[in-house]
Structure formats: structure tokens, C-alpha cells
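Note sheet for the following structure.
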Amino acid sequence: MSVRIVVCAKEVLDPDAVNNYALEGRLTIGDDGRTLTQTSIPRVMNAYDEQGIEAALRLREAGLACTITVVSVGVADGSEILKHAAALGADEIVAIPLDPTTTDHHGIARLLAAYLRSSGGAGIVLCGRQASDDDQGVVPALVGELLDMPVVTVARSLEALGEGALRVVRVTPDGDETVEVSCPAIVTISNELGTPRYPTMAGRMAARKKKATVLQADSLGVSDLRPKVVLARQFVPAVKGECEIIGGTAAEAAERLVARLRAESVLRS
């Protein structure tokens, strides 16, 4: 019997571009003080969600008979992240077009839950532990609440067990924790899973022919997506750094540093 795995994926601004280059002229805030306007920063799949796809592929390679569907809210047919998912090996790609500024995490979770209900459910739902743009990590738990499904968070590995269960190794501040959960279940994947694979050339070619299933919010029976949490303002902080060089030999520099820290009450002894 084949298990249906659904991976939820989000499109985000490329974190490497955001982190490695000055944002001035590349990322601005609209006149409303909330909307991001970006000119030259590419949009990519959230890296944690890509590791969710990797986790699904590893389950398949370990012998689990399954189909893999990747669904994304806020993208349209032809989205590069869905083409990337297809190139990696997704059997089906699904787009739910939506302006993400018109809703919040609750709305996104309602759409994903409605999609799962309308499409026959899933034995395993995989999500990234959080999104790299807002770092909230609440959508998987909200979907679990809406569908009455158990949620296992921050997984570094998954193993399919007999009789519809998973063994999950979780990452915690105190070390790894191994749990077993009955399916259907939601599991969030962390970066400790490891680097996801690159698509093959054959996969890329096949992905060019794969069409996404496009579903509108109203067709899923979700009409009121008014946010419960409203973004009031966002801004690019001004980062200023000041550096003072303390000269002299190592012993002299250490003595001057200690004296300076005591003068500023950082050290009190």
C-alpha cells in the first residue's frame, strides 16, 4: 500500500543574497511601511522545506512505497520552486496562488489544511522547521491543530516503521531525542538532516514538462483569509560598527583592555 507524502514549501527571498550583500538599493520598504519591494534579490525555495523534500526522497529510497506531492501557497503555475521540486523527484506539484500580504500564518495553515482534506489527506506531511524570511515556524503546528494530527518538530532523520508509524530523531538543546509517532502525522525537518541533493539533468528536463495543479482559495472552501496577526511595520535596521585597536605587546594590550573594561564597569573585580 502506497503512502502519500505531502511536503509544504514556501517561496522566500534568497537568504544568501540578503546576507552577503548590502541591502541598500536591493530591498526597500513600500510607502505603507509594511510591503517589501525587492529589485534584484532572487526568490528561492525555503531551505528547510527543500530538506523536507530530501527527507521524503530518503524515505522512498529506504523502501517506503509512496507518492510525493509538493504544495506551495502564494505561488503561481510555473513557479521556479515548484519546477525545482519536480526536478528533485516530486510526483505532483500544487500551486495555491495568493497574495501573502492579504493573510497571515493562520490563513496559510487553513489553506494547507483545506487542500489536504480535499485531496484525500496524507499519511505523512513534511514541513521545514521554519521559514528563513520570518523564522516563525508556526504553520505546521496550526495545520496539525486544524486536522487533529500529531506534530513532531525539529527532526534530523525519519524512518518508516511497519503498521503506519515513523521513528523520528529530534534535535533538542540537550541532545537528540528519538520518538515514534503513528501516521498520519506532521513532521518538521531541521538542517541537521543534511545537505539536500541537486536535481539531475534528466530531472530538470522532465520538470519542464510537468504542469502544476493550480487551486484557488475559494475552490478549497476558504473564503475569509483576514489575518489574525497584522503586520504593523517592518524596516531594514541601520547597522553600525565601531572598532578600536588596542596596541602594544600581548601583555600590554591585555592590561589596557582590562583597564578599559573596568573603567566602563564591564569588569568589576
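So is Gly25 at positive phi and at pLDDT below 90 or not?
yes
Residues in the stretch 189-198: is at least one touching a helix residue (DSSP H, G or I) at 6+ places or on another chain (Cβ under 8 Å) and within 25 Å of Ser118 (Cβ to Cβ)?
yes
Would the stretch 155-167 turn up any residue that is open to solvent by less than 10 Å² (accessible area, probe 1.4 Å) and within 30 Å of Asp224 (Cβ to Cβ)?
no
Given Leu36, Leu57, which one is within 21 Å of Gln130 (Cα to Cα), open to solvent by 50 Å² or more (accessible area, probe 1.4 Å), within 20 Å of the chain's Cα centre (by Cα) and among the aliphatic types (A, V, I, L, M)?
Going through Leu36, Leu57 in turn, the sole match is Leu36.
Quick check on Thr178: is it at pLDDT 95 or above and open to solvent by 80 Å² or more (accessible area, probe 1.4 Å)?
yes
Looking at (1) open to solvent by 100 Å² or more (accessible area, probe 1.4 Å); (2) assigned to a loop (DSSP other than H, G, I, E, B), which one does Arg197 not meet, given that it meets all the others?
It fails just one condition, (1).
The values are calculated or read from the model by the stated rules, or taken from the named source; none is laboratory data. Keep in mind the model is a prediction, meaning the values are calculated, not measured. Quick reminder, even Gly has a Cβ in these numbers, built from the backbone with ideal geometry, and neighbours come from all protein chains shown. All accessible areas refer to the heavy atoms of the entire protein, side chains included, with ligands and DNA or RNA removed. Shrake-Rupley method; radii C 1.70, N 1.55, O 1.52, S 1.80 Å.
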